[in-house]
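Written below as structure tokens is the structure these notes are about.
The values are calculated or read from the model by the stated rules, or taken from the named source; none is laboratory data. What you are looking at is a predicted structure, and each value in this text was computed from that prediction instead of being measured. Cβ: placed from backbone, ideal geometry, glycine included. Neighbour counts: every protein chain shown.
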Amino acid sequence: MSTRTGPRTGPRTGPAPEMPPRAVDRHGLRREALRQQALLRERRAAGAGPAALAGSALAVVLSRFFTRLPVRVVMHYLFHGGPLMAAGLSFVLIFASTSLLVGGFATMGLLLGNDPEVRDAVVRAVTERVPGLLDTGAGGVVPLDLLEDTRPFTLATVIGAAVLLFSGWRWVSGVRLAFRRIFEVPPAQGMPIAAVPRDLLGLLVLGVLLALSAVANGAASGLLGFLLDTAGELGWGRGPEWLRTGLTWALSTLLVVVLDALFALELVRGVAGLRLTRRALLTTVLAAAAGNFALRYAGGSLISGATANPYLLSVALVVGVLVWFYLFSQVLLFSAALGAIVQADQHGGRVHPAGEAVAVTVLPMSSVPAPAR
């Protein structure tokens, strides 16, 4: 039986890695945190000075901080230029949304006629979705009077349809490029030209989902009104007004969140063509739906604060809509970054989906050959 006679010491520190671990390398970040802790213990045992101990303690705190999931998501998002890509998407989206209003109101006039109740419901849905886009009397980018000409084949309709098709296609293409960059795969599967039909099909599906989202509140109110009226006729009672209001809000919110989740699912699977794991896909879709739900209720306050600058009075409305579209794009891309981290944690630090080529490889500077002189 042997006894320990020497002083008890922790594990020895290994050599420092050639480059800091990336955000997708969870195990590498944890190893670095353990190495920094061991290094701090060694310096304490060696009687290092206060400055050296303070620097080592700060390194321990930071290394532990970088292992947290939210921090890793932000690091990965910034590493791939998420804010810059979101800014580009928001710029294209303002042109696509304006053209979508022209084409949407013309289609509504063609199919439904000039029904004021339907028109008011759509205007109310658009105003709630994107504050400041429609001018309903309190200021907005697009005057409502320009959209009330419901003739299906006006010059504005033709021009709007052309601009919508082009700008919408460019936005969908930009989303595809951004999503695939965050997951570190090439811009398109196969030949780049083959992605154009997929982008146009994705644009059509997204347009249908947006149209359904615009009428979700009216559909929920009509359905619940019909059910409660039927219950009253059967003698079960119509229920108090607060119950009708609460159920209408709950059902309409559920419908909008489900449609937002389907919107994000189409972007990930249909547009970007990413075959993620079930957990990563579910995380991305639910995060995007939750972010859009929060943006719908907090977006108005954020835009009001962003446009309160007196130097922006002449362009405050346009700036407000751009800010909203920028936040919307940030929500989508940040959700993709969260899904990428979940994907990497399930595959040992490999963020790219199975069967996809790797488009991003990070190398230490020591491995790069020096330029010839």
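A few comments on the model shown:
- Cβ-Cβ under 8 Å pairs, at least 6 apart or on other chains, segment 261-273 side free of Cβ contacts under 8 Å to residues at least 24 places away in the same chain, far side of a type in the set (Val, Ile, Thr) and assigned to a helix (DSSP H, G or I): Leu265/Val285
- Among the residues listed as Ala340, Ala294, Ala289, the single one being in contact with a His (Cβ under 7 Å, 6 or more places away or on another chain) and either outside any helix (DSSP H, G or I) or at pLDDT 80 or above (or both): Ala340
- Sub-6 Å Cβ pairs linking a first residue in segment 161-183 that is over 21 Å from Arg269 (Cβ atoms) to a second residue that is modelled with pLDDT under 80, at least 6 apart or interchain, are Ala161/Gly103; Val163/Ser99; Leu164/Ser99; Leu164/Leu100; Leu164/Gly103; Ser167/Phe95; Ser167/Ala96, ordered by first then second residue.
- Test: residue in segment 252-272 that is in contact with an Asp or Glu (Cβ under 7 Å, 6 or more places away or on another chain), part of a helix (DSSP H, G or I) and at pLDDT 70 or above: yes
- Matching option when the condition is within 30 Å of Leu177 (Cα to Cα) and in a helix (DSSP H, G or I), among Ala54, Ala86, Ala59: Ala86
- Close pairs (7 angstrom Cβ cut-off, 6 or more residues apart or separate chains): buried (at least 17 other Cβ atoms within 10 Å of the Cβ) in segment 193-211, at pLDDT below 80 anywhere: Ala195/Ala188
- Meets criteria (buried (at least 20 other Cβ atoms within 10 Å of the Cβ) and modelled with pLDDT under 90) for Leu93: yes
- Residue among Pro50, Pro70 that alone is modelled with pLDDT of 90 or more and out of contact with any Cys (no Cβ under 6 Å at 6 or more places or on another chain): Pro70
- Pairs linking a residue in segment 37-63 that is farther than 19 Å from Pro15 by Cα to a residue that is small (Gly, Ala, Ser), with Cβ atoms under 9 Å and 6 or more positions apart or on different chains, are Ala48/Ser56.
- Per the conditions (1) at pLDDT 90 or above; (2) surrounded by 17 or more Cβ atoms within 10 Å (Cβ to Cβ), the sole criterion not satisfied by Arg30 is (2).
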